[in-house]
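Report on one structure; see the data block that follows.
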Amino acid sequence: MNTLYRRMRLWEFNDQYVVEPTDGSSGSGSCLSVSRLDGASINLLDEVPKSSDGTRPPKVETIFGVVGILKLFAGSYLFVITERECAGTYMGHPIFKVSKLKVYPCDSSVENSPEQQKKMESELFDLLKVAETTPGLYFSYDVNITLSAQRLRDLGDEARLLPLWRQAEPRFLWNNYMLEALIDCKLDQYMLPVIQGSFQNFQSAIGKDMIDVTLIARRCTRRNGTRMWRRGADSDGYVANFVETEQIMHLNGFTASFVQVRGSMPFLWEQIVDLTYKPKFEIVKPEEAPRVVERHFLDLRKKYGNVLAVDLVNKHGGEGRLSEMYASSVQNILSDDLRYVHFDFHRICGHIHFERLSILYDQIEDFLIKNRYYMLNDKGEKVETQIGVVRNNCIDCLDRTNVTQSMIGRKMLELQLRRLGVFDADQTISSYPSFDDCFKILWANHGDDISIQYSGTPALKGDFVRYGKRTSRGIINDGIYALMRYYLNNFVDGTKQDAIDILQGHYIVSVSRDISPKKPQGRLESIASFRLALAFMVMGFFFTMMSLRRVRYDNWQLVFSLFWAVLSIAIAAFVKANGRVFCNRPRLYKPPY
């Protein structure tokens with residue numbers, strides 16, 4: 001297997017970018033040249049070219065990985081990692097987090113493009129700048145982090161000799177689409193696999209023993225996106241916010257791994273943002289639900305074995321309609337290797353009694369014990385295999401889901417430690433306060449990472465995961481995060497969704513597409529502005545209060561107060577009634593179901 005370059009210099013010439021390996025990890029190596037003039041043609045050079053006389057010296061920057069190349073209308077764009085930090089180790093190999101991602105335009109050819117195409121190229125490049133701030137990107141030069149420890153072990157000898165990008169699981173390879181431009185050129189030593197998710201790790205003492213615990217999350221790219229803008233499943237059964245979470249334990253030479261997954265309810269449904277705090281749930285093509293659910297679980301069973309689907313949504317209201325559709329659609333495919341359990345989290349646990357999750361555990365304990373976990377002994381021999389997976393969901397697959405997954409992860413780690421003789425039958429993680437605190441923080445940080453990527457804020461209910469109880473500060477934070485989510489969903493995430501769709505290849509830019517801007521459908525669309533409406537509402541409220549203060553001196557001020565109050569309410573009602581017009585909608589496309 002060719003070793004990936006770990007440190008390089010990026011030379012910025014007028015006509016090309018040249019990536020020069022400098023770490024010596026794979027010998028001297030050839031330099032990678034990416035043209036800036038003709039849509040990013042790629043070549044290998046024996047050495048960095050010398051600057052021509054009379055030209056300015058090239059800029060030089062140290063980089064730590066080539067993420068890929070993305071083609072837009074006339075120009076192409078080179079993605080590189082300019083800053084990294086070590087996040088820990090996975091199966092004995094260092095894992096790095098992307099601290100800074102940078103986009104270099106190879107767009108000189110845009111200058112000769114039609115004016116409308118230039119404008120569209122500029123708008124799309126702005127979306128790529130949004131992508132520079134993508135959170136939670138991780139990579140390794142030495143080990144395939146797209147695979148769980150069990151699947152990594154099951155790779156054949158021939159597969160282990162392949163370059164890392166060829167070993168990678170495509171659904172968890174964040175830069176899968178961006179690597180396509182490099183594949184034909186056989187640039188294996190430059191092609192760095194990147195995942196999006198979370199990586200958390202800690203070490204703690206249990207008596208005389210030292211335990212190392214890692215939590216790694218891998219986000220699926222098949223229906224990737226942001227809260228509200230990506231819901232439910234597509235027609236192939238791939239669901240929004242699908243995340244594989246692996247909890248790994250190392251102790252006294254033993255290694256144990258346990259995998260869980262989360263994902264949106266696997267049929268066609270959506271919430272279209274319209275400025276209401278909680279937009280209505282819409283079930284799309286309900287007659288298709290059983291087929292889509294079947295496809296989803298067929299795929300899960302192929303990848304993970306037996307499946308236990310735990311549904312945490314409410315039994316009443318809009319959530320109840322979704323839960324009813326889920327339960328009825330899965331009913332015909334239930335079997336020995338597929339179970340469905342509904343647990344009304346909010347009714348049973350409320351907002352503070354999360355210890356009542358023990359009721360759920362009692363219902364699923366037999367599945368967890370039967371389907372086990374993956375374990376290697378101190379000789380590196382496999383002694384246990386995980387043959388099934390728990391699939392959790394709530395509406396967002398964030399807050400209730402993370403609380404539940406942390407409980408299951410805790411129970412499974414305790415089973416593993418009893419298996420190794422470290423815990424007696426009556427001992428739990430809570431028996432060791434320092435270990436307990438580290439474990440809570442591990443899962444709380446994991447939940448925050450996944451939530452930030454999908455909703456833009458840390459997880460709600462995170463105080464229970466972090467401290468084992470609800471706190472007044474945590475409840476206040478939940479209120480703040482809920483308001484932040486409302487703002488982001490309505491006015492930010494549409495643009496962010498467009499950026500994600502371009503990066504993942506869900507929207508492929510082509511000159512054959514109609515690039516003319518969509519004309520406003522009516523006068524309202526052409527003048528609608530939430531900021532303007534908000535300014536009028538604030539102004540109306542201000543004059544209302546000023547008039548009320550002067551009522552005792554002039555009775556006519558009461559009339560003015562009523563006028564301004566009615567005007568403010570009317571504007572607010574108008575904005576609410578036309579919420580979809582005022583929201584920040586994706587400008588590119590809506591993916592077909």
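The values are calculated or read from the model by the stated rules, or taken from the named source; none is laboratory data. Bear in mind that the values here come from a model prediction, so they are computed numbers and not experimental data. Cβ: placed from backbone, ideal geometry, glycine included. Neighbour counts: every protein chain shown. For the accessible areas, the whole protein counts, side chains as well, though only heavy atoms, and no ligand, DNA or RNA atoms are used. Shrake-Rupley method; radii C 1.70, N 1.55, O 1.52, S 1.80 Å.
Descriptive notes on the structure:
- For residue 95, residues with placed amide H under 5 Å, excluding near neighbours: 87, 88, 89, 90
- Within the set (1) 94, 83, 61; (2) 89, 78, 49; (3) 87, 62, 59, the number that Cα extents along the principal axes in Å takes when calculated for this structure is listed as (2).
- Within the accessible area of the chain, the carbon and sulfur atoms contribute 53%, probe 1.4 Å, all protein chains present.
- Whole-number accessible area per residue in Å² for segment 142-212, which is evaluated in the context of all protein chains at 1.4 Å: 42
- For the chain, adding -39500 (n - 2.57) for each run of n ≥ 4 DSSP H residues and dividing by the number of residues yields -11500 deg cm²/dmol at 222 nm.
- Solvent exposure of segment 401-441, expressed per residue, is 37 Å² of accessible area, with all protein chains present and a 1.4 angstrom probe.
- Among 351-358, 316-323, the order from most to least packed when residues are scored by Cβ within 10 Å on average: 316-323, 351-358
- Stretched out straight at 0.36 nm per residue, the stretch from residue 559 to residue 358 would grow longer than its current Cα-Cα span by 66.4 nm.
- Segment 211-308: C-alpha gyration tensor shape, a/c 1.5 cut-off, then a/b vs b/c: oblate
- Tensor-based shape of segment 329-370 (alpha-carbon gyration tensor, a/c under 1.5 rounded, otherwise prolate or oblate): oblate
- Peptide packing for 295-303, 110-118, 458-466 was compared via the average number of neighbouring C-beta atoms within 10 Å per residue; ordered from the highest value, the list is 458-466, 295-303, 110-118.
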